[in-house]
Amino acid sequence: MTGFFEQLSDILFLDIETISGTKSLEELPPRMQEEWKKKAQHLPQREDKEPAELYFEKAGIYAEFGRIICVGVGYFTYRKEEDLLQYRTKSFAAETEHELLWTFRELLGKRDWTLCAHNGKEFDIPYLCRRMLANQIPLPEVLQLAGKRPWEIRHLDTLELWKFGDYKHYTRLDLLAALFDIPSSKDGIDGSEVNARYYHANGLDTIRDYCLRDVEVTARIYLAYQGLPGNLEFDRINLDEDASSDTPAPE
């Protein structure tokens, strides 16, 4: 597996956490409030809820009405002479979404990454692209999809890989974790609670930890797809705890 471990260093595993753009619908600009009310009329499972209630529950899913509060990343390095596999991880969070996304963009420009996320092609990647443009941030090369042939796009999706051409079902990250005996990332929080944790419990640190756990589960699932055990041991290095490292850098 030495060759495979060496190639792993080009893959950047990622996950994003999103919330409604404001704490309440009333805090949106009037034009956006009207747009949300129109959007809310067509949301599935409305259950006759008012637009303001739906906004707090659902707006974070939509890049036009939500925003990113955390991007978690992880990547592997392999020291051949020591036969040592290391997993390096970092989260991006800042006071403003613009600052967060700009710092993350700088990371994407550091090398020719291949991006990997669970359901990333449908959610994480489009959301990142839309929010970068909403913040007047030019897309980095790896997120520029227009005009590219499928084989030119350096994106992997652990959900898509699991489908093997079958598009009938959505498979949750936690189901795959259970299948491959990988510890769950949903310890004390799940995605449905992020909005409330952020706005009502000052819980950004908890959200960052949860995001990074999701990233590691995604990385372990990718390893499991290569026939490796879900509990494969590797050294962990958290770059959030290393004051000398602002962003992950190539070895």
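The values are calculated or read from the model by the stated rules, or taken from the named source; none is laboratory data. Every value quoted in this text rests on a predicted model; they were computed, and no experiment measured them. Note that we place each Cβ from the backbone using ideal geometry, even for glycine, and neighbour counts take in every protein chain shown. Ligands, DNA and RNA are excluded from the accessible area calculation, which covers all protein heavy atoms including side chains. Shrake-Rupley method; radii C 1.70, N 1.55, O 1.52, S 1.80 Å.
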Please compute, over every Cα-Cα pair in the range 6-82, the percentage with a separation greater than 18 angstrom.
52
Restricting attention to the range 104-133, which chymotrypsin sites (Phe, Trp or Tyr not before Pro) occupy a DSSP loop and are surrounded by at most 11 other Cβ atoms within 10 Å?
none
Can you give me the distance in nm between label points at His169 and Asp48, each placed 7 Å from the Cα along the Cα-to-Cβ direction?
3.5
If you rank Lys80, Lys163, Lys168 by how much accessible surface each has, with a 1.4 Å probe, what is the order from largest down?
Lys168, Lys80, Lys163
Here the gain from full extension of Ala134 to Asp83, 0.36 nm per residue of separation minus their alpha-carbon distance, amounts to 14.0 nm
With both partners inside the chain, how many of the DSSP beta bridges are antiparallel, as a percent to the nearest 5?
65
Euclidean distance between Cα centres, the range 96-116 to the range 1-42, Å
15
Charge tally in the Cβ shell below 12 Å around Phe5, where Lys, Arg are +1 and Asp, Glu are -1, Phe5 excluded
-2
Using a basic spin-label model with each label point 7 Å from the Cα along Cα→Cβ, how many nm lie between Thr206 and Lys148?
3.7
Per-pair calculated FRET efficiency, R0 = 45 Å: Glu95 and Leu232 via Cβ, rounded to 0.05
0.75
Under 20 Å from a point 7 Å along the Cα-to-Cβ line of Leu179: which residues of the range 221-242 have their amide N that close?
221-232
Kindly point out which whole DSSP H helices in the chain project their C-alpha atoms 24 angstrom or further along the helix axis while averaging a Kyte-Doolittle hydropathy of 0.0 or above.
204-225
